[in-house]
Each structure stands twice: as C-alpha cells, then as structure tokens.
Amino acid sequence: MTSSVASEKGKVLEILHFPDPILRKVGRPVDGITPELQQLAGDMLATMYDSNGIGLAAPQIGKSVRLLVMDTRPRENGRYTLEGLSELEQTVPQPLVIFNPVIISRKGKQTYEEGCLSVPSYYETVERSDIIEVEGMGPEGEKLKLKLDGLMSVCMQHEIDHLDGKLFIDRLSTLKGQRLKSRILKEGYPKKEEEETV
Ligand code: QAP
Ligand code: CO
C-alpha cells in the first residue's frame, strides 16, 4: 500500500452519535496540510476500519474540519479486492483521504440503502446523484480531481453532508425522518451484543 497515512498505526477514536450537536456544525476548510492533520486522517482510517465502516468524516469524531476518509473496497478475510467495484471506482486510489472536497458536477440519480456510524443500526433508502466529479486536496497537499459512480459516489455525497452538518436521516421524507429521529431519541441505539437491523 502506497499511502503516507499509516492507518494501521492510527488511534481508534470515539465516534459521536446523533443527536450530538457537534454533528450539526459546519466544518471549516483546512488551509494546508500539517503533520497533525495527517495524523488525524490516519486515526480516522483506524477508527473507520475498527467499526467496519466504509466512510468517516471528521465531525463524526468531534473535529469540525473539512476532512473525510473512505475505503469501499470489499474485504475478504483481511484482504482487499477490487471485485465488484465499477470501472470508475477501480481508478480511484483507496483508502481515500480528501480535504476540502467540493462536488463540481452531478449527473443522474441513484438510490442506496444507507447507514451511518453516527446512527448505528438504522438503515434507510436515500436518493442521491449517480455520477459526480469531486475536487479537493490529498494527504500530501496535492490537488485531487475524482470522477465517482456507484457506492463511492454515494459514500462521498454522504460524507460531504457530514462536513455541512447534515445526516442521511435528514434526507428522508419529512414524516419518515421525524418518526426515525423520535424513535432514536426515545429508544436510543441497540447495545453491541443485540445489534441488528431495525
Ligand atoms: C456511509 O457508512 C455510507 O449501522 C458510511 O451498525 C453508508 O460506513 C455510504 C456501519 C452506506 C454509502 C452507503 C453502520 C457499521 C457503517 C452501522 C458506514 C453499523 C456498523 C456505516
Ligand atoms: Co455517516
């Protein structure tokens, strides 16, 4: 793996859950890459892998900065494969670390049953753009321009929402969203042992 981000050595951080108010703050852009930000990206990857996630945004671990990490590659007994990834997805380096990501074009629509490490055990279908182009800065300060489809596109849009203080449960119909939020506020989240799809 040729990534300067030592995900294996990163610290596992605590993930904030809805309704934590930090998840509602808009993240500030980073000016330039620092060793602290590179360390943060490594810790976020470690945290994401530890929870079996495919994407994590800095506000989810309490940092209001415009940084997200992603790895949507299928994992087979500890190994990554590119099987099942679309042609476009195979062209994108993963794990992906991106600062200040901006969507510069969108095409078409797709739906996906999304979950979120900040809303554990709840899954709902969300409609988003199909193909997107994203610009941002990589972990060495290099300019990134990515074209994404499929799961990587969904995940990027979901994670950029976090940078704007938005959650996937805000993108459901008004009634569905309100019901889900009050249910979570009343019942909370299942404990790890009894975790199941609700
Ligand atoms: C966002 O979500 C996403 O409830 C990333 O018990 C989701 O990594 C993008 C997870 C779907 C695209 C499609 C959720 C793990 C992980 C849970 C995640 C859970 C354990 C969610
Ligand atoms: Co999320």
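Would you point out which residue out of 89, 133 is at pLDDT below 95 and surrounded by 15 or more Cβ atoms within 10 Å (Cβ to Cβ)?
Within the list 89, 133, the selection yields 89.
Working only within the range 136-186, note down all residues that are more than 16 Å from ligand 2 (Cβ to nearest atom), under 26 Å from residue 39 (Cα atoms), touching a residue at least 60 places away in the same chain (Cβ under 8 Å) and surrounded by fewer than 19 Cβ atoms within 10 Å (Cβ to Cβ).
Listed by number, the residues that qualify are 140, 141.
Which of (1) at pLDDT 95 or above; (2) buried (at least 16 other Cβ atoms within 10 Å of the Cβ); (3) of a type outside the set (Asp, Glu) does residue 108 not meet, given it meets every other one?
For residue 108, the exception is condition (2).
In the range 81-123, what residues are acidic (Asp, Glu) and part of a helix (DSSP H, G or I)?
87, 89
Is it true that residue 150 is touching a helix residue (DSSP H, G or I) at 6+ places or on another chain (Cβ under 9 Å) and not basic (Lys, Arg)?
Here the answer is yes, as residue 150 does meet what is asked.
The values are calculated or read from the model by the stated rules, or taken from the named source; none is laboratory data. Since the model is a prediction, treat every value here as computed from it, not as a measurement. All Cβ positions, glycine included, derive from the backbone under ideal geometry; neighbour counts span all protein chains shown.
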